[in-house]
């Protein structure tokens with residue numbers, strides 16, 4: 001908690017992750033900055049090391065590498081009545097209106113992200129990403 005009259009430094013950042021762009025602000029009280037004030041001279045500036053938006057800082061990537069997100073492939077969609085769902089049993093087949101050579105959607109969390117055909121990678125079923133998914137951003 002700070003007094004309304006206390007001096008602060010407000011730093012504003014534009015943060016982008018993938019296609020999402022947002023703003024972030026950090027407010028530091030003057031008492032926290034005073035010990036490092038001598039190092040903040042007018043002739044000394046912080047500069048980028050040439051990393052573009054395509055090459056995030058390794059420390060940032062390390063912190064994101066530990067975050068888990070739910071990913072799923074949507075093979076097709078169909079509609080069933082409540083009665084049909086309640087009558088489902090192990091071994092039943094649900095027909096999808098998607099052809100074997102059709103495209104599947106790849107979702108990250110609740111966002112359709114990529115589209116591609118299904119195939120095999122060794123003995124595993126796989127999805128080859130061929131394009132970005134078209135979705136409405138709210």
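Things worth noting here:
- Cut-off 11 Å, label 7 Å out along Cα→Cβ of residue 118, residues of region 54-84 by amide N: 73-77
- Estimated FRET transfer efficiency when R0 is 25 angstrom, pair residue 101-residue 69 (beta carbons, to 0.05): 0.30
- For region 52-126, the square roots of the Cα gyration tensor eigenvalues, ordered a ≥ b ≥ c, give a/c of at least 1.5 with a/b greater than b/c, which places it in the prolate category.
- Each residue, residue 131 and residue 19, gets one label point 7 Å from its Cα in the Cβ direction; the gap between the two is 1.3 nm.
- Gyration tensor (alpha-carbon) shape descriptor, region 89-138, a/c threshold 1.5: oblate
Each value in this text was obtained by applying a stated rule to the coordinates, not by laboratory testing. Because the structure is predicted, anything quoted here is derived from the model rather than measured. Every residue, glycine as well, gets a Cβ built from its backbone with ideal geometry; the counts of neighbours run over all protein chains shown.
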